1. What net charge do the residues around A:Leu49 carry, taking every other residue with its C-beta under 12 Å from that of A:Leu49, with Lys and Arg at +1 and Asp and Glu at -1?
2. Need the full-extension length gain, B:Glu284 to B:Gln216, defined as separation in residues times 0.36 nm minus the C-alpha distance. One decimal, nm.
3. Let me confirm one metric for peptide B:114-121, namely the mean number of other chain beta-carbon atoms within 10 Å of its residues' beta-carbons.
4. Rank these residues by their accessible area, most exposed first, probe 1.4 Å: B:Arg28, B:Arg239.
5. Within the stretch B:5-176, what whole-number % of the accessible surface is contributed by carbon and sulfur, with the 1.4 Å probe and all protein chains included in the calculation?
6. Hey, with R₀ at 51 Å, roughly what FRET efficiency would B:Asn112 and B:Gln204 work out to, going by the Cβ-Cβ distance, to 0.05?
7. Would you kindly work out the equivalent ellipsoid of the stretch A:158-197 from its C-alpha gyration tensor and give its semi-axes, the square roots of five times the eigenvalues, largest first in whole Å?
8. Of the accessible area of chain A, with the probe set at 1.4 angstrom, what percent is carbon plus sulfur?
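The values are calculated or read from the model by the stated rules, or taken from the named source; none is laboratory data. Everything numeric here is computed off the predicted structure, so don't read it as measured data. So basically every Cβ, Gly included, is an ideal-geometry build from the backbone, and we count neighbours across all protein chains shown. Just the protein is used for accessible areas: all its heavy atoms, side chains included, with ligands, DNA and RNA removed. Shrake-Rupley method; radii C 1.70, N 1.55, O 1.52, S 1.80 Å.
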Amino acid sequence: MNIIVPVKQVPDLVEELEINEDGTDLDRDYLSYKLNEFDEHALEEALLLKEEHGGTVTVIAFEGEDTDKALYTAIAKGADRAVKITNDLPPGTPNHVLAKALASVLSGMEYDLILTGVQAADDRDGQLGVLLANYLDVPHVSVVSGVAPNNGAVTVQKEYAGGVMAEFEVDLPAVLGVQAARQTPRYAPVSRVRQVMRQAEIEEVEASDTEAEVGSSIRRMFKPEKGAGAQMLEGSPEEIAEQIIKILQEKGIKK
Amino acid sequence: MSQDVFVVAEHLQGKIDDVTYELLGKARELAGQSGGHVVAVLMGSGIQDQAGSLGAADKVLYMEHAALENFNPESYAKALSHILEQNKPRLTLIPNTSMGMDLAAAVSVKNNLPLVAYATDVQFDNGQVVATSQLYGGKINVESVLEGDSSVVSVLAGSFPADAGKQDGSPAVETVAAPDGLDQTRVRFKNLIQPEGGDVDITQQDILVSVGRGIQSEDNLPMVEELAEALGGALASSRPIVDNKWLPKTRQVGKSGLKVKPKLYFAVGISGAPEHIEGMKDSELIIAINTDPEAPIFEVAHYGVTEDLFDVVPALTEKLKS
């Protein structure tokens, strides 16, 4: 099975996010980026499928902050090919545009399955995988946490609320939005990544179509209002523990 | 072109999900502003009776077909696309749920409609649709203006009260013919898999101590478990803990896990992604420990602690035991 995994760099949410002066985008000057964590799961699931059933894994990313590092790391983990889309599509580009660009690149490639992360932290205009599937006119299922090949098709599990799952059979080629791989995404040692950087090559392509009708624009970005939130407890760990116990007693939770 | 506000009803195993009522309540308010009607879109097989529970709508458009008996990303998207093409509503609200995610982006492309996702609010502002999305793990809100005379917004569950949309009644039911070839799909529903019964039903517990990524290692779980015991409660968790297989799926709180409403929800090392908040925000008392003062969990918590959990948790356990 030949699998394509489009991946995206997103701002590292562990760090503080600031908004620019216009209030219409993040202040991206000092942002650090990391691979969308759901894309990590999509890649892991693709590598597992390859190990179990053969085939290839191709990782595709848009040129940007730390893209090369992300692609080399994917190869270090076991991907066969890394492709970089070189159009000027900066972070924050709407997913409709990214999906259209990906569709134009993928339409010239052979594949059975496209695995994307189910969502990303900046999916303002819808999830990339579903948009991509519809531009390519191939079937899709999102929120998937299990994939198994089955006679030229795949059997997938889609998660609903409350732990209920639905099983679907999906004809190939297809796009799946991966919620979680069957195992924790593997880790590539830095030494291995360095070795890959010397040996492997990242292919560069230009997307022929980046014209998509987004139909919406950002008017304002703002941080959620503070104040209505938590009352913060301060002091040494022991003092905090005492305050918590007092609260529990007041609420009748603890005597 | 109409001024109507459409709501896509979500149902599983013959039961309409609460998110549908949340959207219907909001749609009532919006239709009042646009001067249109509230129309619920119900797709399924043999569930026409459910229209009676959608009394907050002025009208229910019902499409009956064997291919719609169970949710199917392809047949449902085709059916919805057909309905929107025929009616061109001013605004269509779709739950930003597992099912809704497969529909909203699909009809955005198929029908060439603007889409804004992860919305927690929608308004008409000078005749334009304005949607507020919760992005970047709940750390940033983004207000978008949707262009054109018909658009789609997918709304996070729990954004609006369900009560306003929960009205019995007998809205007019209009049956819509299914488009041709609805059963010729490349995606086929096989079956539903019910969750395994766990050792503990976390939805029935008065006290939950819930653990997240901040715990760093499986080896640190016993420390939190000890706190749960000292409080007389049970251990729950956010998604990453279950993905790492440190705890069974039955302990997972949130969008794809369970919705809980205990007397005390004690969040340890949980940042509070929207998917998690959705499952616990109605708890009576929420106390959260997280070293990141910007963590969204503090938006819903009543009390917060930014000291290191590895110091505070043992100190609290010890004091509770003494």
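1. Computed value for this residue: -3.
2. Value of the extension gain: 21.7 nm.
3. Going residue by residue through B:114-121 and averaging, the value is 6.
4. B:Arg28, B:Arg239
5. Its accessible area is 42 percent carbon and sulfur atoms.
6. With a Förster radius of 51 Å, E is 0.60.
7. Values for the stretch A:158-197, descending: 33, 16, 6 Å.
8. 44
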